[in-house]
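Have a look at the structure below before the remarks.
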Amino acid sequence: MLNKAKWLAKEAGLRIKYMTSKDCIFCKIIKGEIKVEPIIESKLVIAFNDTNPVAATHILIVPKKHIESVATIEDSDADEIIEMFSVANKIVRERKLSAYRLTFNGGSYQHVGHLHMHLLAGGKIEWSRL
Ligand code: 5GP
Ligand code: ZN
């Protein structure tokens, strides 16, 4: 019984390590170590304003699970991906955005190694800074 408890504790530790990454800035936001004002927060996803906006509306939609990039998405991440689009859908509807873009950066275009969708709207988008 004790062994099983120990095994479960170890397993939980491994899972938590797998779910978030220690040095990842978005994981720190998700764990509350860096404060943000959430726009929407659900069980699987958090959305907040980009700190360095390139458009009047620049929102980051981020899965709470540490998925590195589009290139590393697996079938088991399906719920997170669906939820990201569901959050985008809610923001677009609530704000009645008449024109918007959803962007994923990858490879050398991606600066934070934790999957995120940029929701951009309003006026001119400064693509060269994204
Ligand atoms: P990427 O180039 O990886 O697609 O975009 C990362 C985005 O995260 C950038 O637009 C950058 O401004 C934003 N960002 C980086 N660090 C922080 C932070 O600590 N807080 C917020 N709100 N946004 C951040
Ligand atoms: Zn992360």
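Residue pairs whose Cβ atoms lie under 7 Å apart, separated by 6 or more positions or on different chains, with the first residue in the stretch 112-130 and closer than 16 Å to Asn89 by Cα and the second more than 16 Å from ligand 2 (Cβ to nearest atom) and among the basic types (Lys, Arg), are Leu120/Arg101. The set of residues in the stretch 53-80 being within 16 Å of ligand 1 (Cβ to nearest atom) and part of a helix (DSSP H, G or I) consists of Val70, Ala71, Thr72. The single residue among Lys90, Lys96 that is assigned to a loop (DSSP other than H, G, I, E, B) and charged (D, E, K, R) turns out to be Lys96. Number of residues in the stretch 112-130 that are under 13 Å from the mean Cα position of the chain (by Cα) and either more than 15 Å from ligand 2 (Cβ to nearest atom) or in a loop (DSSP other than H, G, I, E, B) (or both): the value is 7.
Every number here is computed from the coordinates shown, using simple stated rules; none is lab data. Model, not experiment: these values are computed from the prediction. We place every Cβ from the backbone using ideal geometry, glycine too, and count neighbours over all the protein chains shown.
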